[in-house]
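Q: Here's a structure for you.
The values are calculated or read from the model by the stated rules, or taken from the named source; none is laboratory data. The shown structure was predicted, so the numbers you read here are calculated from the model rather than taken from an experiment. When we count neighbours, we look across all protein chains shown, and the Cβ atoms used for this are built from the backbone with ideal geometry, even at glycine.
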């Protein structure tokens, strides 16, 4: 039997590469004769550049940029021909926020883009996802030369005093460069489904602070480009998507870049079964996440797709709406403590059990 293994990262525990290897190790214990094809995936969040580098080759340039609170952090620019790929999580990822999230700035992502442009890239693809910032991308704009009557790179709290924003210098900096926002979510910048309300709590913004922080972003959008703030993907990465769109970026789901890069459609047609996975499989997976993208490719290839996840938070009806035949939970099998403490071993054990059902 031919099995295509195409998981995302299991956030906080396993990279996509590690997850794919763990699934394969467990599967082989139960079905050693199966032909396993490993295709680690990413949706624009952590691991985006690594997965693309493994698939496309190219050159990695090491750079140092500003972290969410100004400390220098290492990052890389992947250059493939005249196209550069950067990952916002490397500069301002959730794991880098070590202070008040209301003062965390996205400036480092703008510095990454600037490094790519300075290096000669004519197209810059920015992977969005896993950000610890919620400043509407104001820091990105500041790094690229935007000016204002207030402070743009002091996090969302600093935006309360911003009444005017001039993007002309930032747009001039990107003259002749095609900017692409590789977004994993469809949320607008503000409102009930905006960046702050939807993702603020996971970044440390208290529920009692949501309304005020969202109001700061509303005011910032009014001072900058209100119409763009309503577009799909403007709320990606705490509003970095908004900054890119305001600078003329086109938008494409990050999963599409990786799907094309690893030739997933062709590999799915050669498989009998497709296995995907992520840390938490829930209905938000429909918004540009890896399992939904992989399931779509499997469906077009007329192949069944199953998911292995840390937690499964959807019922069978929602699961099938996402294109997944069955989903299996690590926590249900081994408990939360072991799932977090020994994730690779636990995932291998889950894969071994699943192979009893699905392998011939």
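Q: Across the range 102-120, what is the number of residues that are touching a helix residue (DSSP H, G or I) at 6+ places or on another chain (Cβ under 9 Å) and more than 19 Å from residue 228 (Cα to Cα)? Let's see the steps before the verdict.
A: Applying the first criterion (touching a helix residue (DSSP H, G or I) at 6+ places or on another chain (Cβ under 9 Å)) to the range 102-120 yields 102-114, 117.
Then keep just the ones that are more than 19 Å from residue 228 (Cα to Cα); that gives 102-105, 107-109, 111-114, 117.
Summing the residues that are touching a helix residue (DSSP H, G or I) at 6+ places or on another chain (Cβ under 9 Å) and more than 19 Å from residue 228 (Cα to Cα) in the range 102-120 gives 12.
Q: Identify the residue in the range 175-188 that is touching a residue at least 24 places away in the same chain (Cβ under 8 Å) and closer than 18 Å to residue 110 by Cα and, among all such residues, is surrounded by the most Cβ atoms within 10 Å (Cβ to Cβ).
A: Among those residues, the one meeting the criterion is 182.
Q: Looking at (1) over 18 Å from the mean Cα position of the chain (by Cα); (2) modelled with pLDDT under 95; (3) under 18 Å from residue 183 (Cβ atoms), which is the one condition that is false for residue 258?
A: (1)
Q: Only residues that are within 15 Å of residue 136 (Cβ to Cβ) and outside any strand (DSSP E or B): list them for the range 165-192, please. First the steps, then the outcome.
A: Of all residues in the range 165-192, those within 15 Å of residue 136 (Cβ to Cβ) come to 165, 167, 170, 181, 183, 185, 187-191.
Within the range 165-192, 167, 170, 185, 187, 188, 189, 190, 191 qualify.
Q: Working only within the range 85-113, note down all residues that are out of contact with any strand residue (DSSP E or B) (no Cβ under 8 Å at 6 or more places or on another chain) and crowded, with 20+ Cβ neighbours inside 10 Å.
A: Those that are out of contact with any strand residue (DSSP E or B) (no Cβ under 8 Å at 6 or more places or on another chain) and crowded, with 20+ Cβ neighbours inside 10 Å: 97, 101, 102, 104, 110.
Q: For residue 213, state whether it is closer than 17 Å to residue 157 by Cα, touching a helix residue (DSSP H, G or I) at 6+ places or on another chain (Cβ under 6 Å) and either surrounded by fewer than 24 Cβ atoms within 10 Å (Cβ to Cβ) or assigned by TED's automatic domain parsing to the domain that holds residue 150 (or both). Spell out how you get there, then give the answer.
A: Numbers: closer than 17 Å to residue 157 by Cα: yes; touching a helix residue (DSSP H, G or I) at 6+ places or on another chain (Cβ under 6 Å): yes; either surrounded by fewer than 24 Cβ atoms within 10 Å (Cβ to Cβ) or assigned by TED's automatic domain parsing to the domain that holds residue 150 (or both): yes.
Yes; evaluated as a whole, the condition is true for this residue.
Q: Now for a separate question. Scan the range 53-72 for residues that are modelled with pLDDT of 95 or more and either closer than 16 Å to residue 5 by Cβ or touching a helix residue (DSSP H, G or I) at 6+ places or on another chain (Cβ under 6 Å) (or both) and jot them down.
A: Residues satisfying the conditions are 63, 65, 66, 67, 68.
Q: Sticking with this one: Out of 160, 146, 172, report the one residue that is within 21 Å of residue 100 (Cβ to Cβ) and in contact (Cβ under 8 Å) with a residue 12 or more places away in the chain.
A: Among 160, 146, 172, only 160 is within 21 Å of residue 100 (Cβ to Cβ) and in contact (Cβ under 8 Å) with a residue 12 or more places away in the chain.
Q: Can you tell me which residue in the range 189-210 is modelled with the lowest pLDDT, limited to those that are more than 17 Å from residue 231 (Cβ to Cβ) and surrounded by fewer than 19 Cβ atoms within 10 Å (Cβ to Cβ)?
A: For the range 189-210, the residue satisfying everything is 202.
Q: Could you tell me whether the range 151-162 includes any residue that is under 18 Å from residue 202 (Cβ atoms) and in the same structural domain as residue 190 (by TED's automatic domain parsing)?
A: Looking for residues that are under 18 Å from residue 202 (Cβ atoms) and in the same structural domain as residue 190 (by TED's automatic domain parsing), one finds at least one in the range 151-162, hence yes.
Q: For the range 2-26, how many residues meet the condition of being under 14 Å from residue 294 (Cα atoms), modelled with pLDDT of 95 or more and not in a helix (DSSP H, G or I)? Let's see the steps before the verdict.
A: Residues of the range 2-26 under 14 Å from residue 294 (Cα atoms): 3-9, 16, 20.
In the following step, the residues that additionally are modelled with pLDDT of 95 or more were identified as 3-7, 20.
Add one more test, that the residue is not in a helix (DSSP H, G or I), and what stays is 3-7.
The total comes to 5.
Q: Out of all the residues in the range 29-45, is one or more in the same structural domain as residue 156 (by TED's automatic domain parsing) and in a helix (DSSP H, G or I)?
A: The answer is no, given that none of the residues of the range 29-45 is in the same structural domain as residue 156 (by TED's automatic domain parsing) and in a helix (DSSP H, G or I).
Q: Looking at the range 161-174, which of its residues are surrounded by fewer than 16 Cβ atoms within 10 Å (Cβ to Cβ) and touching a helix residue (DSSP H, G or I) at 6+ places or on another chain (Cβ under 7 Å)?
A: Matches in the range 161-174: 163, 164.
Q: Taking the conditions exactly as written (under 30 Å from residue 160 (Cα atoms), in contact with a strand residue (DSSP E or B) (Cβ under 9 Å, 6 or more places away or on another chain) and not in a helix (DSSP H, G or I)), does residue 76 satisfy them or not?
A: In short, no.
Q: Can residue 339 be described as in the same structural domain as residue 28 (by TED's automatic domain parsing), touching a helix residue (DSSP H, G or I) at 6+ places or on another chain (Cβ under 8 Å) and at pLDDT 95 or above?
A: Judged against the criteria, residue 339 is not a match.
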